Structures are given as C-alpha cells and as structure tokens.
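Data first, discussion second: the structure below is written as structure tokens.
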Amino acid sequence: MQLNRILIASITLLIISTSSLFSQTTSVPSEAKNKTAPFLFTPETIKTGEQIFNANCKSCHGDPGKANYAKLNPIPKDPASPEYQKNSDGEMFYILSNGRGLMPNFVNTLNEAQRWQVISYIRSFNKSYKQPPIKSTGEVVKTETAKMILAFDKSEKKVFATITDSVAGLRKPLPDITIKLFVKRTFGSLLVAEASTGKEGIAYFNTPADIPGDSLGFLSLIAKTQGNSKELISTLNEKLGVVTKPKNLLDQRAWWNVNKMAPVWLIISYLFGVVGIGITVVYILLQLRKIKKINDSAT
Amino acid sequence: MEDESKNPKPKSRREFVKNIGLIGLGGIALGSSLYAAKHFEEKKRGQNVKLLTADGKLVEVDLLDVKQLDVDRLTNNQERGRKGIPGKSWVMVVDLSKCRNARKCIDACQSAHHLRPEQYHINTLQMKDTDRTPAYHMPKPCQHCDNPPCVSVCPVDATFKRSDGPVLIDNERCIGCRFCIAACPYSARSFNWFEPKDAEKDKDLVYDVELNVPQKKGTITKCCFSADRLRINQLPYCVSACPNGVYYFGDENEDAITNGTTKETVRLSKLLSDNGAYQLMEELGTKPRVFYLPPKNRLFPFSDNTENEKKS
C-alpha cells in the first residue's frame, strides 16, 4: 500500500516534471552557442527588433519585463527574465531560428539580420549585458565582389550554379559553398535541391522531375547561398517542370440552382416530367370532352 | 325617349365621343409615362436628395452623384468577386497535432469580416473521437466544397462556386431564405439575425463580395477563404494569424503549400500522404477543399482554455 502510494506519487511527479521541462531538453550545438551577431547592437537595431518582436513574438511571450506571456504549458518565458538572459547570443539565435517545443521556427519567416535585431531588442532589457566582440565566423562568401550565376546545362539536363569572386581583376571560383535551390510558388519558395560547389566553383542540382510548372512547363528557380552574411541570390526560368493545365472547377455541371450549371440528366428528366404531366392533363380533358359528347348524343 | 331608343344614332355619337375621350386620355397617360421613363435618366441631374450625415446634419446631395459612384463600384466588386483567379486552385491543410486553441485565427477572422463575437466563420471545436482517445481541438472553417450542396439549393444564385475554389456569397442578391444553412453538412454558415457589429461604421463602405463586408442584417455570412487576400497574393487572415503553425495554405495546381506561421513551403502531395490526411464527411460526395492531418504526436495536453480566453 505504502509502496503503491510512493510509486503513484513518483510517477505523477515524473509526468509533471517532464511535461513542463519538455522544451528545456533541446540542446543547442556548441558551435551555434558561440555564434555572435554580425553587427553591433544600436538603438536602431533595437527599434526594428521591437517591431519584429511585436509582430511575431508578442502573442506568446508578451511584453518583455511585464511577465504577461500566454498561459501555456510549458510557459513561454519572459524574454527579460534572468533565466532567459543567461543564454548566450548564439543560443538565442539557434532557438529563434529552429524553434523549440511549441515555439515555431523562424528560419523562413525572418532573415538572419531580423533575427539578430530581435535579439538586440531582448538584450536591451538586460542592464548588465555587454555584447561580445564580433567574431569572424569563417563564412565562405564574405566579399561584396562574389557572384553567383544560375544556368541550365543542356547536355547534362541539369541546373548548375557557378560562384566566383573577383580577385585582382580575375574571376576566381569559390569552392565548398552550399547552395539551396528553390522553386517559386504562390506564397513562398519550395526547396527542391541542395548542392555544394566543387573546385571549379560549380554546383550541379538534381531537381525532381515531377514539379508542376506553368502551362508550358516553365519553372521559376531561385538559388540561395546559406549561412552567410552576404546572401547570394540568382534566378532562372527554365522548362523543367511538368506541363500543368489547370482544370476549371466550373466545367463540371454539378449544382442545380442555375440552368447553365445544372447536370444535363437533371434538365432532361425535369423537362420530361413537365411535358409528361402536361400531356396527361390534356389527354384527360380530351377524354372528358369525349364522354360529354357521347352523353349529349345519347340524350 | 322612344325616339331615342329606336334611333341608335345619337347614342352611338355619344359613345363615339366618350370612346375618343377615353382613348385620348389613355394615349396621353401612356405617352407621358413613356416620355417620363425615357427622360428619367437624363433628368436626374439637379434632383437633390436629402441625406443625414454621420454627425447628424441634414444635407442635400445630387441624386446622380450619389447613385452612380456606388452602383458602379458595387457592380465592379460583384463582377470581380464572381471571377476566380486564373490557374489557381486553393486548398487548406489543418494540422490538428499543433492546435492548442490559441483562437488567434478566430480573432483575425472576426475583425477582418466585422463579425459579432458570437458569429464564427472559423471556430475551434473540442473533439473526442472515442472514449479511449484523448480530446483535441479542431479548427473548422467552410470546407469550400467542389460539389457544394449550399450552392445547389440557393434559389437566387446568391451563393456561388468560383473557378479557383472558394464558395462565396453575394449579399446584394441574398434574400435570407437560409436554405443554404439547412443544406450545409458542416454548419459553416450563419445568419445575420441582428444589425451587424459595425453597422454604423460601415455605412459608407461599398459592399465587397470577396470580403463580405459590410455585413447585412437578414443575409447569410460565411468563410470566404479570404478571397480578397488571395487576390493580392497573401495568405488568408486566419492562416497568417496562427502562432502555432496549424494552417497550411496553397495552390493545388502548384503542388505546394505554405505554412502560415513558419512560412515554410512544402509539397502538398507529400504532406498529405506522409501524415495520413483526411477530410470531413467525405462520404457525402461534397469534395471538400480542406484537409486535416490527424492529431498525432501532440506537444501539449488537452486543456479547455476557452473560458480563460473569454475572460482575458
């Protein structure tokens, strides 16, 4: 009995602790922990950060310092709390980018600069915070002169991207840069392939063959380099998709309230019915007249 | 007396004169009415109409100025609202495993469509499929069926299906018969029993079919798939308001669908097949445009936070 009670109590305790601690279990990789912002936090970055925070984070986290966060389990902490502020900039950036527990990721919603601006806003509530010196993060594409060109190789039937940097007037290929290839869709970009540049600075993409294109099969492709402070973007329009002929939903005669949309069988059977009733009525009237005639001639 | 009765001539002359008079009067009435009808449109300018302004002043405005502007814009809106966006076929996916009843979708929807708090175009329902399975929250908008029973029963062609998917309603045509409410198996429609919330504020607004604003007493109101936002290439109000990534929205023809919270775009066919998506009451043959992903691997326990939300 005693043992049972202890067992139940410990299980309940375990459930409570795991359910509320759920989000804390996600670990941040050590290299991400040490990441620093690519710019110094200024009143301008804090102000833009505040706007981004109010639009994207406030609904759950409330106003920093006021502890008016949404009542969720686990609770979305107040960003101004010491518990929150003890995270390094890199940890905050990682969580903001990848999400944690109930918190969604913001990797597609906010670009890198915007995410850092949010962090600068959150740090403005910490009086003892001092921004760590900006590290050179060893990014591959740093120079303003780097260029990416997206093209289609007709013999290989593949899309490829070339990244070069101009060094002393010469174009030098940049190897080992990861490029993501997207297809433009109505509300966002669909990731279709990822590749890294080789020694020649060229990356070939294996694009899936079953992506719906426009009525001629054209796809609008966008290549982006990832994880760099200078994001290279290149676009290409190429006949790589499946030819899509959008079906008109109004082609089917499916609803009954207007003639032009009513199914043909319905119109025909309705007309048959109406005409049939009409003929029957006329027939009955004729028969009645006949009876009357016979009756008249008999008397 | 006898002479007169025997001789029909004087009587017929009197009759003739009487008839002429009648024909003449009738002719004049007909002619003048035709003339008035013909010149009605041209004669409108200069005719003033008395109007009460919002601040209680009585003003006179030229009838022509008042009517032409509004009618033109109204017909424009009505015509545009009936035309689908070419080549598009909108679908929505609701991921039940992520919904924790934040009700932000409902707030965004009600403020966009100027709805009273008890009117829902989208609502989160508490579901419990069996005694053994845990409860979950299910947002339920209009399913925008490809074979909509509500459209079939409308006697005045007020509600209609559009070529890009949405089922909309034109309140300028709606007679408030509520057949569509009876026909809809998803209870997606509601009736404006009272004066709408913003009746005073929206007085001067020109009715927009795609937004269904201003709402009108005695007509139906329903989810529009945010057709006004789709026209400007933006995600619907509810989809972009969700803080938990519940909603995906996109074009079926592109086979891509975008999450309203994370803005991540994924393949529609893959999302549906990987997660075992289902539709509501598919067996009725309504062909809904809203898909549901089952409430598996949920990150939170079920809690009935509806009351808390209302209090706060």
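Rg over Rh of chain B, using C-alpha atoms and the Kirkwood radius, what does it come to?
Rounded to two decimals, Rg/Rh equals 1.24.
Describe numerically, in nm with one decimal, the distance between label points set 7 Å from Cα along Cα→Cβ at A:GLN287 and at B:ASN48.
In this crude spin-label approximation the distance works out to 7.3 nm.
Given a cut-off of 25 Å, what percent of all Cα-Cα pairs of segment B:116-273 lie beyond it?
Roughly 37 percent, rounded to a whole number.
So if a site counts as exposed when it's one of the GluC sites (Glu not before Pro), its DSSP state isn't H, G, I, E or B, and it has at most 16 other Cβ atoms within 10 Å, what's the longest stretch of chain A without one?
A:1-138
Among the trypsin sites (Lys or Arg not before Pro) within segment A:26-59, which fall in a DSSP loop and have no more than 13 other Cβ atoms within 10 Å of their own Cβ?
Those that pass, being in a loop and sparsely packed, number zero.
Given the pairs A:LYS147/A:LYS239; A:LYS47/B:LYS140; A:LYS260/B:LYS287; B:LYS104/B:LYS263; A:LYS71/B:LYS128, which span a C-alpha to C-alpha distance of over 26 angstrom in this model?
Violating the 26 Å limit, Cα to Cα: A:LYS47/B:LYS140.
Per the Debye formula with a single identical scatterer at each Cα and no solvent contribution, what log10 I(q)/I(0) holds for segment A:80-199 at q = 0.10, 0.23 Å⁻¹?
The calculated log intensity ratios at q = 0.10, 0.23 Å⁻¹ are -0.50, -1.34.
To the nearest 10 degrees, how steep is helix A:264-298 against the longest Cα principal axis of chain A, on a 0 to 90 scale?
20
Expected output is a single nm value to one decimal: the length gained when fully extending between B:LYS57 and B:THR130, i.e. 0.36 nm times separation in residues minus the C-alpha distance. What is it?
Full extension of this stretch gives 20.1 nm more.
Summarise the partner chain shielding of B:261-273 as one whole number: the mean count of Cβ atoms from other chains within 10 Å of each residue's Cβ.
Shielding by partners across B:261-273 averages 5.
Shielding of B:97-107 by partners, i.e. mean partner chain Cβ atoms within 10 Å per residue?
1
Can you give the calculated 222 nm mean residue ellipticity of the protein assembly as shown, where each DSSP H run of n ≥ 4 adds -39,500 (n - 2.57) and the sum is split over every residue, rounded to the nearest 500 deg cm²/dmol?
Rounded to the nearest 500, the figure is -10500 deg cm²/dmol.
Calculate log10 I(q)/I(0) of the protein assembly as shown for q = 0.06, 0.08, 0.09, 0.12 Å⁻¹, where I(q) comes from the Debye formula with a single equal point scatterer on each Cα and nothing for solvent.
-0.51, -0.80, -0.95, -1.36
According to the square roots a ≥ b ≥ c of the eigenvalues of the Cα gyration tensor, what is the shape class of chain A, taking rounded for a/c under 1.5, prolate for a/b larger than b/c otherwise, and oblate for the remainder?
Cα axes put chain A in the oblate bin.
What whole-number distance in Å separates the alpha-carbon centres of segment A:200-220 and segment B:173-240?
Result: 41 Å between the Cα centres.
Across segment A:153-224, how large is the tail of the calculated P(r) beyond 14 Å, expressed as a percent of all Cα pairs?
So the pairs more than 14 Å apart make up 64 percent of the total in segment A:153-224.
What does the charge add up to near B:ASN253, with Lys and Arg as +1, Asp and Glu as -1, over the other residues with Cβ less than 11 Å from its Cβ?
Once all neighbours under 11 Å are counted, the net charge is -2.
Suppose R0 equals 35 Å; then what is the FRET efficiency for B:LEU30 and A:LYS260 from their Cβ-Cβ distance, rounded to the nearest 0.05?
That pair, B:LEU30 with A:LYS260, gives E of 0.40.
Trypsin sites (Lys or Arg not before Pro), restricted to segment A:139-192: which are DSSP loop and have at most 14 other Cβ atoms within 10 Å?
Answer in residue order: A:LYS142, A:LYS154, A:LYS157.
Roll a 1.4 angstrom probe over the protein heavy atoms and tell me the percent of accessible area of chain B that is carbon or sulfur.
Carbon and sulfur together cover 56 percent of it.
Can you give the longest run of chain B that contains no chymotrypsin sites (Phe, Trp or Tyr not before Pro) sitting in a DSSP loop with at most 16 other Cβ atoms inside 10 Å?
B:1-192
Need one word for segment A:20-123: rounded, prolate or oblate. Basis is the Cα gyration tensor (sqrt eigenvalues a ≥ b ≥ c); a/c below 1.5 gives rounded, then a/b vs b/c decides.
oblate
Of all alpha-carbon pairs in segment A:196-299, indicate the percentage at a distance above 22 angstrom.
In whole percent, the share of Cα-Cα pairs in segment A:196-299 beyond 22 Å is 69.
Would you kindly find the accessible area of B:HIS121, with a 1.4 Å probe and non-protein molecules such as ligands, DNA and RNA excluded, rounding to the nearest 10 Å²?
10
The values are calculated or read from the model by the stated rules, or taken from the named source; none is laboratory data. Given the structure is predicted, the values throughout are model-derived calculations rather than measurements. For neighbour counting, all protein chains shown are included, and Cβ atoms are generated from backbone atoms with ideal geometry for every residue, glycine included. Only protein heavy atoms, including side chains, enter the accessible area calculation; ligands, DNA and RNA are left aside. Shrake-Rupley method; radii C 1.70, N 1.55, O 1.52, S 1.80 Å.
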